[in-house]
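Note sheet for the following structure.
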Amino acid sequence: MKLLETVKFVEQKTSLKPKIGIILGSGLGTFAENFSQKNILNTSEIPNYPKSNVEGHGGKIIFGKIKNIPILAFQGRVHYYESGILENVLFPIYFAKEIGIKTLIITNASGGINNFFSPGDLMLINDHINLTFLNPIQNLEKKNFQKKSYDENLKKIAETSAIKLKIKLQKGTYIGVTGPSYETASEIQMFKKIGADAVGMSTVNEVILAVNLGIKVLGISCITNLATGISSKKLSHKEVTETGNKVKHQFEKLITKIIETINV
Ligand code: HPA
């Protein structure tokens with residue numbers, strides 16, 4: 001099997017056996033630079049690993065330790081809009097499961113829809129709306145239809161960590177779309193009416209698959225901009241990465257605390 005070849009290749013490159021994984025979204029990739037005993041693998045050199053070309057997405061998987069806890073970080077991710085192939089988006093999740101990840105922190109950049117949100121806010125993903133019109137478990141033999149997506153215990157850990165660190169952590173529903181064009185103002189008004197607080201082009205299919213594979217998931221979104229029509233400013237990918245850079249310090253502190261708490 002293709003996946004086993006990938007896992008075998010990667011296992012030869014590291015002695016670490018992390019149980020916690022983190023997918024680092026746009027502009028948030030630098031978190032992995034703080035790792036000790038770092039082992040950086042370019043995904044382009046890993047057999048069968050799908051390619052990512054989006055600016056701001058590193059295309060690396062990094063093994064290392066933070067506060068002595070082994071971690072596997074995915075720096076950057078493959079988006080559905082790059083290839084139109086959902087399997088490419090899902091590959092890292094299958095890989096994470098196979099390599100032994102039990103808890104996955106999924107992060108992303110999103111556009112704020114909720115009027116109380118500002119660029120630079122971090123949002124705990126309480127739930128999501130999958131508006132990609134895709135579903136990753138369609139071809140899965142064993143389907144868990146009833147599972148809740150985002151782990152309640154991990155949500156509590158994130159909330160208490162934020163309080164302890166005095167970091168503002170918004171909470172809301174993430175709506176996942178395929179992109180790559182940004183939304184129209186009318187679409188954003190519709191998303192608001194159906195209960196979305198933030199919009200982005202990733203995460204939902206990854207989360208559905210991870211939960212179905214028995215991985216516990218925590219979702220943290222960085223509001224990098226206000227969604228179309230919520231702000232009068234024109235959207236650009238540059239703004240998304242720049243805001244990510246500004247909040248990365250808070251983000252890194254919060255994630256470190258969460259990881260420490262998960263591990264005790
Ligand atoms: N829309 C969709 N995806 C995004 C946005 C947005 O406004 N910001 C960051 N990712």
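The values are calculated or read from the model by the stated rules, or taken from the named source; none is laboratory data. These figures come from a predicted structure and were not determined experimentally. Neighbour counts run over all protein chains shown; Cβ positions are idealised from the backbone, glycine included. Protein only, heavy atoms only, side chains kept; ligands, DNA and RNA dropped before computing areas. Shrake-Rupley method; radii C 1.70, N 1.55, O 1.52, S 1.80 Å.
Using just the C-alpha positions of the stretch 1-44 as equal point scatterers, what log10 of I(q)/I(0) does the Debye formula give at each q in 0.20, 0.22, 0.25 1/Å? Values, matching the q order: -0.85, -0.99, -1.17. The phi torsions of the stretch 255-264, fed into the Karplus equation with coefficients 6.51, -1.76 and 1.60 and a -60° offset, translate into couplings of 5, 4, 5, 4, 4, 4, 6, 4, 6, 7 Hz, rounded to whole numbers, with Gly and Pro shown as x.
Do the alpha carbons of any pairs in 17/67; 19/67; 168/253; 171/193; 148/248 sit beyond 19 Å of each other, and which pairs? Could you put the intermediate results ahead of the total?
Numbers: 17/67 15 Å; 19/67 14 Å; 168/253 12 Å; 171/193 17 Å; 148/248 29 Å.
The pairs that break the limit, which is 19 Å between Cα atoms, are 148/248.
Figure legend: label point modelled 7 angstrom from the Cα of residue 194 along Cα→Cβ; residues of the stretch 152-175 with amide N under 11 Å from it are 175. Multiplying the residue separation of residue 3 and residue 115 by 0.36 nm and subtracting their alpha-carbon distance yields 36.0 nm.
Taking amide H positions as modeled 1.01 Å from N, with prolines and chain starts lacking one, the residues under 5 Å from residue 228 and 5 or more places away or on another chain are 183. Legend: distances between Cα atoms for 97/156; 102/238; 60/246; 8/156; pairs beyond 30 Å are 102/238; 8/156.
Computed from phi, the 3J(HN,Hα) profile of the stretch 129-141 under the Karplus parametrisation 6.51, -1.76, 1.60 (θ = phi - 60°) reads 10, 8, 10, 8, 6, 10, 8, x, 9, 3, 9, 7, 5 Hz, with x in place of Gly and Pro. Please say if the stretch 118-248 is rounded, prolate or oblate, where rounded means a/c under 1.5 for a ≥ b ≥ c the square roots of the C-alpha gyration tensor eigenvalues, and otherwise the choice is prolate for a/b larger than b/c and oblate otherwise? It is oblate, given that a/c is not under 1.5 and a/b is not larger than b/c.
When the accessible area of the chain is split by element with a 1.4 Å probe, what percent falls to carbon and sulfur? Display every interim value, and only then the final one.
Numbers: 6160 of 12270 Å².
Its accessible area is 50 percent carbon and sulfur atoms.
As an exercise, identify the GluC sites (Glu not before Pro) in the stretch 101-170 lying in DSSP coil whose Cβ has no more than 10 other Cβ atoms within 10 Å.
Working: sites: 141, 152, 159; in loops: 141.
In loop regions of the stretch 101-170 (DSSP not H, G, I, E or B), the sparsely surrounded GluC sites (Glu not before Pro) are 141.
Taking amide H atoms as placed 1.01 Å from N in the peptide plane, the amide H of residue 117 has no partner under 5 Å among residues 5 or more positions away or on other chains. Note that the stretch 79-92 has calculated 3J(HN,Hα) couplings of 9, 4, 5, 6, 10, x, 10, 5, 4, 5, 5, 7, 3, x Hz, one per residue in order, obtained from phi through the Karplus relation 6.51 cos²θ - 1.76 cosθ + 1.60 (θ = phi - 60°); glycine and proline are x. Helix content alone sets the calculated 222 nm mean residue ellipticity of the chain: runs of n ≥ 4 DSSP H residues at -39500 (n - 2.57) each, divided across all residues, give -10500 deg cm²/dmol. Over the chain, the reciprocal of the mean inverse Cα-Cα separation, the Kirkwood hydrodynamic radius, stands at 18.4 Å.
Per residue, what accessible area does the chain have, given a 1.4 Å probe and all protein chains present, in Å²?
Values: 12270 Å² over 264 residues.
Spelled out: the 1.4 Å probe surface of the chain, per residue, equals 46 Å².
Relative to the Cα centre, what is the charge dipole magnitude of the stretch 2-263, using +1 at the beta carbon of each Lys and Arg, -1 at the beta carbon of each Asp and Glu, and rounding to the nearest 20 debye? Don't skip to the answer; put the middle values down first.
Values: 33 positive and 22 negative charges, 154 e Å.
It comes to approximately 740 debye.
Seen from residue 100, the other residues with C-beta closer than 9 Å to its C-beta sum to a net charge of +3, counting Lys and Arg as +1 and Asp and Glu as -1.
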